[in-house]
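Read through the structure below, which is laid out as structure tokens, and then see the notes.
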Amino acid sequence: MSLIDALNWRYAVKKMNGQPAEQAKVDQIIKAAQLAPTSSGLQPFKVIVVTNQELKEKILPIAFNQSQIVDSSHLLIFAAQENYTEEGIDAVFDRMNTERGLPLDTTDAYKAQLKGMILSKSAEENFNHAARQAYIGLGMAIAEAALLKVDTTPMEGFNGSALDELLGLDKLGLKSVTLLPLGNRDEEGDWLSKLKKVRKPLEEFVIEFK
């Protein structure tokens, strides 16, 4: 199946049937998020995987009682760094150079330039930047899930501060950005399952400068 075929197959599932997604497929979906491109390779977000049903029940009201939270087998939470730090940037480039068999000072000039740009910005600006990187990972996870025929429901409808408090994300320097329940659609119970996928036509969607 091509990616286009997979994206035509997928939709934001409104009702899941509680049947589990295969763990091997879930692992691939998470790997796709890990391999997503990020600005300067900083990867300023983490993916939190919730399979504990009791915890999902606690998250349910925080996500405005959207049933996919508890009917999914795996709930992925994309959480972005609250801010960038000098130590965090150093750690990324030290790992990069070490794994490539290069001296640690190989990227010093670029790293200094990067720090000058990033560390001069406010925490809010840097969190917003990190959140945009998390959304790239979300997109990759959705695409991989579609290729594997695992159903998903991307969600922004939740109380981020309440979720962060529940999970203790502030202690990790993280803020939740978006949710991605994984599971299987309930074809009979989901009003959206049989409706045609509708998008803007390409001639309205694309602007060309020739």
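The values are calculated or read from the model by the stated rules, or taken from the named source; none is laboratory data. Owing to the predicted nature of the structure, the values given are computational and were not obtained by experimental measurement. As a convention, Cβ positions derive from the backbone with ideal geometry for all residues, glycine included, and neighbour counts pool all protein chains shown.
Listing for the model above:
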quantity: Region 90-103, residues that are surrounded by 13 or more Cβ atoms within 10 Å (Cβ to Cβ), more than 21 Å from the chain's Cα centre (by Cα) and not aromatic (Phe, Trp, Tyr); calculated: ASP90, ASP94, MET96, ASN97
quantity: Total residues in region 8-29, condition among the aliphatic types (A, V, I, L, M), under 19 Å from VAL198 (Cβ atoms) and surrounded by fewer than 16 Cβ atoms within 10 Å (Cβ to Cβ); calculated: 1
quantity: Any chance LEU147 is over 18 Å from ALA63 (Cβ atoms) and at pLDDT 95 or above; calculated: yes
quantity: Count of region 32-65 residues which are closer than 30 Å to TYR110 by Cβ and touching a residue at least 60 places away in the same chain (Cβ under 8 Å); calculated: 15
quantity: Region 158-170 residues that are charged (D, E, K, R), paired with ones that are surrounded by fewer than 20 Cβ atoms within 10 Å (Cβ to Cβ) and not in a loop (DSSP other than H, G, I, E, B) (beta carbon under 6 Å, 6 or more apart); calculated: ASP164/ASP170
quantity: All positions within region 60-69 that are under 19 Å from the mean Cα position of the chain (by Cα) and part of a loop (DSSP other than H, G, I, E, B); calculated: ALA63, GLN66
quantity: Options ALA32, ALA109; residue that is surrounded by 17 or more Cβ atoms within 10 Å (Cβ to Cβ) and among the hydrophobic types (A, V, I, L, M, F, W, C); calculated: ALA32
quantity: Region 70-104: number of residues that are without any contact (Cβ under 8 Å) to a residue 40 or more places away in the chain, assigned to a helix (DSSP H, G or I) and in contact with a helix residue (DSSP H, G or I) (Cβ under 8 Å, 6 or more places away or on another chain); calculated: 8
quantity: Condition met for ALA33 (out of contact with any helix residue (DSSP H, G or I) (no Cβ under 9 Å at 6 or more places or on another chain) and over 23 Å from LEU192 (Cβ atoms)); calculated: no
quantity: Odd one out for GLY157, checked against (1) within 30 Å of ASN52 (Cα to Cα); (2) surrounded by 14 or more Cβ atoms within 10 Å (Cβ to Cβ); calculated: (2)
quantity: Subset of region 184-208 that is among the hydrophobic types (A, V, I, L, M, F, W, C) and either outside any helix (DSSP H, G or I) or touching a residue at least 24 places away in the same chain (Cβ under 8 Å) (or both) - its residue that is surrounded by the most Cβ atoms within 10 Å (Cβ to Cβ); calculated: LEU192
quantity: Qualifying positions in region 132-158 - over 9 Å from the mean Cα position of the chain (by Cα) and in a helix (DSSP H, G or I); calculated: ARG132, ALA143, GLU144, ALA145, ALA146, LEU147
quantity: Residue match in region 106-114 (condition: over 18 Å from the mean Cα position of the chain (by Cα) and β-branched (Val, Ile, Thr)); calculated: yes
quantity: ILE59 β-branched (Val, Ile, Thr), more than 30 Å from PRO20 (Cβ to Cβ) and either surrounded by 12 or more Cβ atoms within 10 Å (Cβ to Cβ) or modelled with pLDDT under 95 (or both); calculated: no
quantity: Residues located in region 78-87, provided they are surrounded by 15 or more Cβ atoms within 10 Å (Cβ to Cβ) and either farther than 30 Å from THR153 by Cα or basic (Lys, Arg) (or both); calculated: THR85
